[in-house]
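Values in this text are rule-based calculations from the coordinates and carry no lab data. Note that the coordinates shown come from a computational prediction; the quantities given were computed from them, not determined experimentally. Here the Cβ positions follow ideal geometry from the backbone for every residue, glycine too, while neighbour counts run over all protein chains shown.
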Amino acid sequence: MKWRSHISIGKAIADALELPPGERKAFLEGIVEPDRHKERVTGPGYSYRVSHHHPSRRVVMLHVWMARRSFLRNNSYLGYRHLGMALHYIQDKSTSKGFLGMSHDRREEALAELEVPAEAIERGFRKYLSSPEFVSRSLKLTRPEKDIHQIMAQASFRSAAVAAAITDLRRPSGLEQKLRALHRSHLLVYVPLAIGSLAIGISLSLAWWNPIPLATGTVISLIVLVRDRPYRQLGKVALWHGLKMH
Ligand SMILES: [Zn+2]
C-alpha cells in the first residue's frame, strides 16, 4: 500500500479520535514508519528483518502491547507512534500482492485515489471490544483482497476497530474482583491438582525405582497447569487494563 493510502486512513482515524497536533503527528509518523526503515526484531541471541508484507502476528502484537502500555503510562506520543505502526501492517495485510508487478502497481495507484469510506471508520469505532483477544482476532481476520474498494473498506474498518480497542482505557466494572476470584480458584484447584499428581509420581517412582511414574506425573501436572486457560487469558486481560494478577 502506498504512503498516501496509509496517511489518508490515518487522518480519518486521527479525526475520529480528535487527536491534538502532537499526538496526530506521532501517529501519522508511526503509520508510515515501517516503509521508511525496514524493521528489525532483536532479542537475546537473535535479530531478524521483519518481512514487510507478511509480518508475523507476534510482531504486530508487540506494537499493540507497546502502544497499550504507553497509553496506560500516559505516554501518549509513544502510544500513538506504536499504534500507527501496528495499523500500517494491518493495512498492508489487506492488500493482495497479485501475480504481476504491473497490475499491483496500477492497483496501488488506483487505491491511492480512493477516498476513505467514513462508514467503515464509524463502524470500526462502534464494533470493537477493548481486549487483546479482540485485536489478535482482528489481525487474523484481515485477509488480502484484490478489489481496491474491498481493500480500502477492510483496511479502514479493521484499523479503526483496533485503534478504538487500544485507545479505550475504560476498565470494565468489577474486573478487579473477578480477577481476584479467578486467582483464588486457580490457587485452590489447579495448583493443588498439579502438585498432587507430581507428588504421586514422585512416590511411585521412589517405590519402584522407576522414573516413568515421575515423568508421567510431571506431564500430567504440566497439562493441568496449561489447561487452566481462562486463568492465563485473564492474566493478559489484567495486563491490558494495567492490573496485576495476585
Ligand atoms: Zn508497507
Phi-derived 3J(HN,Hα) across the stretch 134-147 with the Karplus relation (6.51, -1.76, 1.60, θ = phi - 60°), rounded Hz, x for Gly and Pro, is 4, 5, 4, 5, 4, 5, 5, 7, 7, 10, x, 10, 9, 6
To the nearest 20 debye, what is the magnitude of the charge dipole of the stretch 175-240 about its Cα centre, counting +1 on the Cβ of each Lys and Arg and -1 on the Cβ of each Asp and Glu? 280 debye
Evaluated over the stretch 145-230, the Cα radius of gyration and Dmax, each in Å: 23.5, 70
Taking placed amide H atoms and a strict 5 Å upper bound, the residues 5 or more places from Glu145 or on another chain that come that close are Thr95, Ser96
Stokes-Einstein D for the stretch 98-210 at 10 °C, 1.306 mPa s, Kirkwood Rh over Cα pairs, in µm²/s? 85 µm²/s
So what's the back-of-envelope 222 nm ellipticity for the chain, counting only DSSP H runs of four-plus at -39500 (n - 2.57) apiece and dividing by all residues, rounded to 500? -23000 deg cm²/dmol
What are the ³J(HN,Hα) values, in whole Hz, obtained from phi via the Karplus relation 6.51 cos²θ - 1.76 cosθ + 1.60 with θ = phi - 60°, for each residue of the stretch 75-91 in sequence order, with x given for Gly and Pro? 9, 6, 4, 5, x, 5, 5, 5, 4, x, 5, 4, 5, 3, 5, 4, 5
Could you grab the Rg to Rh ratio for the chain? Cα atoms only, Kirkwood for Rh. 1.11
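Remind me, relative contact order of the chain in percent, using alpha carbon pairs under 8 angstrom and six or more residues apart?
19 percent
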Quick calc, Arg73 & His149: beta-carbon distance into FRET formula, R0 41 Å, rounding 0.05, result 0.55
Sequence-separation-based contact order of the stretch 52-155, relative, with Cα cut under 8 Å and 6+ spacing, percent: 34 percent
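Which trypsin sites (Lys or Arg not before Pro) does the stretch 73-163 hold that lie in a coil by DSSP with at most 16 other beta carbons within 10 Å?
Numbers: sites: Arg73, Arg81, Lys93, Lys97, Arg106, Arg107, Arg123, Arg126, Lys127, Arg137, Lys140, Lys146, Arg158; in loops: Arg73, Lys97, Lys127, Lys146.
Those satisfying the criteria are Arg73, Lys97, Lys127, Lys146.
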Taking the chain as a Gaussian network, where each spring joins two C-alpha atoms under 10 Å apart, which residue of Gly217, Gly84, Gly43 fluctuates the most? Gly43
Cα to Cα, under 22 Å, and not fewer than 8 places away if on the same chain: which lysines meet these conditions relative to Lys236? Lys127, Lys140, Lys178, Lys244
What length, rounded to one decimal in nm, is gained on full extension from Asp105 through to Lys25, with 0.36 nm per residue of separation minus their alpha-carbon distance? 26.0 nm
Given the options Val64, Val189, Val162, which has the most mean-square fluctuation in a GNM of the chain, springs set between C-alpha atoms less than 10 angstrom apart? Val189
Of all stretches in the chain that avoid chymotrypsin sites (Phe, Trp or Tyr not before Pro) placed in a DSSP loop and having at most 12 other Cβ atoms within 10 Å, the longest is 100-208
